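One structure below.
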Amino acid sequence: MTTYEIMFIVKATLEESEIKKIAEDLKKLVSNKQSKVIEMNELGRKKLAYPINKELGGFYYVLKVETDHETIKEFDRKVSLNENVLRHLIIKLESE
């Protein structure tokens, strides 16, 4: 298993309940039988450095997960299709 850090930004113009539901759904995408979510941090609403799709702010989340490459590929594909996620970044962490 490899450790990854995933950061994603959800549109701030949505209802708070919708934002939390999207974050939980994305968490469920990477938490399957073989994978485990080590940590999930909600960084809150922040102003974007530049407008993304006419959005000026977003809710930031950071996930630290231990999973395989195939799960990360599937997560990346599904997040790319989700119009409520403005940006996402997946970083493979060095093993200790």
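Coordinate-derived values only; no laboratory data. The shown structure was predicted, so the numbers you read here are calculated from the model rather than taken from an experiment. Glycine gets a Cβ as well: all are built from the backbone with ideal geometry, and neighbour counts include every protein chain shown.
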Of the candidates Thr71, Val30, Val10, the farthest towards the positive dipole end of the chain (Lys/Arg Cβ +1, Asp/Glu Cβ -1, centred on the Cα centre) is Val10
With an 8 Å cut-off on Cα pairs and a minimum separation of 6 or more residues, tell me the relative contact order of the chain in percent. 47 percent
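Based on the alpha-carbon set only, what is the convex hull volume of the chain divided per residue, in Å³?
Numbers: hull volume 9.2 nm³, N = 96.
Taking the convex hull of the Cα positions in the chain, it is 95 Å³ per residue.
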So which trypsin sites (Lys or Arg not before Pro) in segment 11-82 are both in a DSSP loop and have at most 10 other Cβ atoms within 10 Å of their Cβ? Lys33, Lys54
Scan segment 57-92 for GluC sites (Glu not before Pro) in coil per DSSP, keeping those whose Cβ has at most 11 other Cβ atoms within 10 Å, and list them by number. Glu83
Longest principal axis of the chain (C-alpha) makes with the long axis of helix 16-30 (C-alpha) an angle, in degrees to the nearest 10, of 20 degrees
How much length, in nm to one decimal, is gained on full extension between Ser17 and Lys46, taken as 0.36 nm per residue of separation minus their Cα-Cα distance? 8.7 nm
What full-extension length gain, to one decimal in nm, is calculated for Lys78 and Asn53 as 0.36 nm per residue of separation minus the Cα-Cα distance? 7.1 nm
Once both axes come from the Cα atoms, what is the angle between helix 69-81 and the longest principal axis of the chain, in degrees from 0 to 90, rounded to 10? 10 degrees
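Count neighbours as other Cβ atoms within 10 Å of each site's Cβ, and list the GluC sites (Glu not before Pro) in segment 1-42 that are DSSP loop with at most 14 such neighbours. Please list the in-between numbers first.
On the way: sites: Glu5, Glu15, Glu16, Glu18, Glu24, Glu39, Glu42; in loops: Glu15.
Here the sparse-neighbourhood loop sites are Glu15.
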